[in-house]
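Let me begin by presenting the structure, written as structure tokens, before commenting on it.
The numbers here are math on the coordinates, done by the rules we state, and not lab data. If you're wondering where the values come from, they're calculated on a predicted model, not measured in any experiment. Virtual Cβ from ideal backbone geometry, glycine too; neighbours counted across all protein chains shown.
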Amino acid sequence: MIRGIRGATTVQKNEEKEMLEETKKMIEQMAVVNQVSPDQIASVLISVTPDLDAAFPAKALRLINGWKYVPVMCMPEISVPGSLPQCIRVMMTVNTELGQEEVEHVYLNEAVKLRPDLADKA
């Protein structure tokens, strides 16, 4: 079965090091809690809010052992007034036996505000 796993995190500064560290932490947690290995991943889409342009967060996947061939793409998030700033969002499409309600979405830092109903599940 193909499922989407969502993730989101925030950073305090528009700096490459922090963006990559926080993205890596989020991606690794998404994989661990959902028992996903790189060969089960169809693709990973990453969006960033307009205030983040210091780095491509997709680069963080290349820092994870075994993720060399996972297809990943970055894009800008739409600018909505009042939306959460300095936010990195992920949609990981995976092959899994987990049911839709069993998938654990990962929200870190200030991003827990986006979906507190799902963040509490992790």
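Checking the structure you have, find out if any residue of the stretch 44-52 is acidic (Asp, Glu), out of contact with any Pro (no Cβ under 7 Å at 6 or more places or on another chain) and in contact (Cβ under 8 Å) with a residue 12 or more places away in the chain. Within the stretch 44-52 (the criterion being acidic (Asp, Glu), out of contact with any Pro (no Cβ under 7 Å at 6 or more places or on another chain) and in contact (Cβ under 8 Å) with a residue 12 or more places away in the chain), the answer is no, since none of the residues qualifies. The strands (runs of 3 or more DSSP E) falling completely within the stretch 1-108 that include 2 or more residues that are crowded, with 20+ Cβ neighbours inside 10 Å map to 2-10, 41-48, 87-95.
Within the stretch 69-93, take every residue that is in contact (Cβ under 8 Å) with a residue 24 or more places away in the chain and over 14 Å from the mean Cα position of the chain (by Cα) and give me the one that is farthest from LYS25 (Cα to Cα). My answer is SER79.
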